[in-house]
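Below: the structure, in structure tokens.
The values are calculated or read from the model by the stated rules, or taken from the named source; none is laboratory data. Bear in mind that the values here come from a model prediction, so they are computed numbers and not experimental data. Cβ atoms come from the backbone with ideal geometry, glycine included; neighbour counts cover every protein chain shown. Side chains are part of the model used for accessible areas, which takes the heavy atoms of the whole protein and leaves out ligands, DNA and RNA. Shrake-Rupley method; radii C 1.70, N 1.55, O 1.52, S 1.80 Å.
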Amino acid sequence: MKRLTDILEQRISKAIGTVTGQDCPALVKVSADAKFGDYQANGVMAAAKKAKTNPRQLAEQIVAALDVSDICQPPEIAGPGFINLRLKEQFLANRLLEMNTDKQRLGIEKKQNPKTVVVDYSGPNIAKQMHVGHLRSTIIGDCIARLYEFEGHTVIRQNHIGDWGLQFGMLIAYIEFRSKLALEGKVVGVIPNSLSDSEEFYIEAKKLFDTDENFQERSREATLGLHSGDKTWLGRWELLVAHSKKHYQEIYKELNVTLTDKDVCGESFYADKLAEVVETLKQNNLAVESDDAMCVFPEGFQNKDGNPLPFIIQKTDGAFLYATTDLAALRFRIQELKADKVIYVTDARQAQHFQMLFAVVNMAGWTNDAIELMHVTFGTMLGEDNKPFKTRTGGTVKLKDLLEEAVQRATAVVEEKNPDLSAKQKTEIAKAVGIGAVKYADYSNNRNSDYIFSFDKMLAMEGNTAPYMQYAYARIKSIERKAAGKDVDVENELANIKTLTFTDDAEKDLAKMLIRYDQAIDAAASECRPNFLTGYLYDLAQSFSRFYNACPVLKADNADQRRLRLLLCELTARTIQHGMSELLGINVVEQM
RNA sequence: GCGCCCGUAGCUCAAUUGGAUAGAGCGUCGGUCUACGGAACCGAAGGUUAGGGGUUCGAAUCCCUUCGGGCGCGCCA
């Protein structure tokens, strides 16, 4: 099923071309106001300007050259030269019937020319618990990956974990140090058995590092040993990695995030490629020594003093930096993974770093115009005091704690609203609602802005929240259950519908919303903006509520009317289910 | 100092990227139910889109400028 906006765009653009002889886009959008119809073409004014003619007259000529009679009623011209379009009921009905035949994709086609898209997101550090600072990248990135995948692209997820460098040298040196203490009977436990052990060890190690020169020295040796592949050091390090992976896979599972172990490709993976990256850049005369460090100077970047800003790829002491790793990673993604598009999902503070990274990769000739490099930024998560989100005592909020609290709060709400459900159901619902609320709140905000984290707001049943969406879904499922109780076989009734007749405006309004789902997905994917999708789903749910209020389904006037209404219910449920569950990774529930 | 992001209703946020009279939710006020889950629906009030200038048929959106906020800017990631 081809996207309606694309069909209209194509036909009207063609008509503009026929009339003016110029190539001007029709700019078809959903109408701003229902009184202007369902869709509008905004491109005539610009075309008229280009052709140096009167826009209203041009609009008339275009309409005369246009045939959309299979879709719309005769187009109207309004204002300075808008072309307004009203869908025919028959067209609307046909679209619904087509959607009905495709349970998986609601009739939405895959992209004609799929690309290989690398999405880099989440990227936690090992040996530390995930905290709120990882939340936005993890879930926004996951939505982007799901969107592209649904559109038919080949998506390669990359979890670029922080698992290399001095801090881990320090930690494995501490494991060694601790084993000596253990021999003297001063501590119990030599190796960290869990991630929380690792975290404690990390704190202890840092203390020691800051106060003990010998330990500092040993940490450097450990780092070196690790980097040169020494088995003893490597073994200790692998232990840390294993605990960490287990931890964040648990979090991903809880969050319903699609990252798996095979997507992990962190700093350590690129460690042996860094020297070669630097060497290549040196040979190309792109990397030069400056203040004893190896730097590349991409054009257009300045430091505080107005001097060229370096992209430092090797420190004075010879060590490599994250810039070096990022270069190696990006080259790998382009050359080995064959990426057509690389999307980085990190916070906005790194914008300049990525601009420079892309510039350097371009200088090196590792990329070309056909490859799209994209930094998807997002703002900071703030507490209700408008300051960066912290615990009451000012500490970092652990993701695990945050999610637990969300589920706990949701449990209380379920308990209050629907105490008669089974314990098992309540648990399932609380999880879907609690975790869903956290994710949905993030998705529904424009990712560029900072956003204020509030359990009360995200768990509210009103407004654009996960619970509202889940409620809309549950109500539809409730109707279908009731139908079964009245000997109405919904599946059978919807299986062989040939014609549909609308008898109420609320039906038509809902139908028009339903057929716009493909466009919402496209907008969300192309801009990497999940809030376009949540915005659509919310509009849909509201539209359904209006319909629900106005149009009895099971007590409809006649069989035809009931069939149409059942179909609208079912398609709405499927769309909500698909959008929430498949694209946002938020579960819906039959009852709540 | 330079650069990036931001400033929209009392509050929290949208606005399909330059389109028609800037929309939601919360809060406030007023309505709707013996239909299917009231966790709902309808309506009202609330705006000089921070201020000013410009571009054009048309600006919250683009350009300039002032003010206010956040974040970057040489060996952390």
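Numerical summary
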{"item": "Long-range amide H partners of A:Ala339 with built H, under 5 Å", "result": "A:Ile334"}
{"item": "Overall form of segment A:437-556 per C-alpha gyration tensor (a/c, 1.5; a/b vs b/c)", "result": "prolate"}
{"item": "Cβ-based charge dipole, chain A, positive-most Cα from A:His578, A:Leu181, A:Cys72", "result": "A:Cys72"}
{"item": "Accessible solvent surface per residue of segment A:169-241, calculated while the other protein chains remain in place, 1.4 angstrom probe, Å²", "result": "56"}
{"item": "Dipole magnitude of segment A:169-241 about its Cα centre (Cβ charges: Lys, Arg +1; Asp, Glu -1), debye to nearest 20", "result": "120"}
{"item": "For A:Phe297, solvent-accessible area (1.4 Å; no DNA, RNA or ligand), Å²", "result": "70"}
{"item": "Gap separating the Cα centres of segment A:351-389 and segment A:1-44, nearest whole Å", "result": "34"}
{"item": "Of all accessible heavy-atom area on segment A:4-87, the percent that carbon and sulfur account for (1.4 Å)", "result": "52"}
{"item": "Cα-based helix-to-principal-axis angle, A:166-183 vs chain A, degrees rounded to 10", "result": "50"}
{"item": "Nitroxide proxy distance, nm - points 7 Å out along Cα→Cβ at A:Asp456 and A:Leu224", "result": "5.8"}
{"item": "On Cα atoms only, tilt of A:274-283 relative to the major axis of chain A in degrees", "result": "90"}
{"item": "Residue order for A:Met374, A:Met469 - accessible surface, 1.4 angstrom probe, largest first", "result": "A:Met374, A:Met469"}
{"item": "Beta bridges by DSSP in segment A:1-158, antiparallel share as percent, to the nearest 5", "result": "65"}
{"item": "4 °C / 1.567 mPa s Stokes-Einstein diffusion coefficient of segment A:4-87, Kirkwood radius on C-alpha pairs, µm²/s", "result": "106"}
{"item": "Protein accessible area in segment A:169-241, 1.4 Å probe - carbon and sulfur %", "result": "53"}
{"item": "Solvent exposure of segment A:4-87 as accessible area per residue, Å², 1.4 Å probe", "result": "50"}
{"item": "Probe 1.4 Å, all protein chains present, accessible-area order of A:Leu195, A:Leu181, largest first", "result": "A:Leu181, A:Leu195"}
{"item": "Segment A:4-87, dipole about Cα centre (Lys/Arg Cβ +1, Asp/Glu Cβ -1), debye to the nearest 20", "result": "340"}
{"item": "Among A:Leu399, A:Tyr536, A:His243 the positive-end extreme of the charge dipole of chain A (Cβ point charges)", "result": "A:Tyr536"}
{"item": "Taking N as its residue count, the alpha carbon Rg of segment A:128-249 over 2.2 N^0.38 Å", "result": "1.30"}
{"item": "For chain A, size of Cβ-based charge dipole, Lys and Arg +1, Asp and Glu -1, in debye", "result": "1260"}
{"item": "Relative contact order %, segment A:530-590, counting alpha carbon pairs below 8 Å whose residues are six or more apart", "result": "30"}
{"item": "5 angstrom amide H check on A:Phe82, placed H, neighbours 5+ away", "result": "none"}
{"item": "Segment A:210-266: equivalent-ellipsoid semi-axes (sqrt of 5 x gyration tensor eigenvalues, Cα, Å)", "result": "31, 14, 8"}
{"item": "Candidate aspartates and glutamates - alpha carbon under 12 Å from A:Lys88, same-chain residues fewer than 8 apart omitted", "result": "A:Asp38, A:Asp70"}
{"item": "Apportionment of accessible area to carbon and sulfur, segment A:433-592, percent (1.4 Å)", "result": "42"}
{"item": "Charge dipole of chain A about the Cα centre (unit charges at C-beta), most positive-ward option of A:Val257, A:Thr316, A:Leu96", "result": "A:Leu96"}
{"item": "A:Arg409 accessible area, 1.4 Å probe, all protein chains in place, Å² to nearest 10", "result": "90"}
{"item": "Proximal lysines to A:Lys304, defined as alpha-carbon separation beneath 22 angstrom and excluding residues fewer than eight positions away on the same chain", "result": "A:Lys315"}
{"item": "Cα-based equivalent ellipsoid of chain A: semi-axis lengths in Å, sorted from largest, via gyration tensor", "result": "51, 34, 18"}
{"item": "Reciprocal of mean inverse Cα separation for segment A:169-241 (Kirkwood radius, Å)", "result": "12.1"}
{"item": "Principal axis dimensions, largest first and in whole angstrom, of segment A:204-362 by Cα", "result": "45, 43, 29"}
{"item": "Distance from segment A:556-579 to segment A:176-215 (C-alpha centre basis), Å", "result": "62"}
{"item": "In segment A:444-478, chymotrypsin sites (Phe, Trp or Tyr not before Pro) in a DSSP loop with at most 15 other beta-carbon atoms within 10 Å", "result": "none"}
{"item": "Length-normalised contact order for chain A - Cα pairs under 8 Å, 6+ apart - percent", "result": "13"}
{"item": "In Å, descending, principal axis extents of the Cα set of segment A:307-367", "result": "34, 26, 19"}
{"item": "Amide H contacts of A:Cys72 (H built 1.01 Å from N, under 5 Å, at least 5 apart or other chain)", "result": "A:Lys88"}
{"item": "Antiparallel bridges, percent of DSSP beta bridges restricted to chain A (to nearest 5)", "result": "55"}
{"item": "For segment A:1-159: Kirkwood Rh in Å [reciprocal of mean 1/r, alpha carbons]", "result": "18.7"}
{"item": "Acute angle (nearest 10 degrees) that the helix A:466-485 long axis makes with the longest principal axis of chain A, alpha-carbon atoms", "result": "50"}
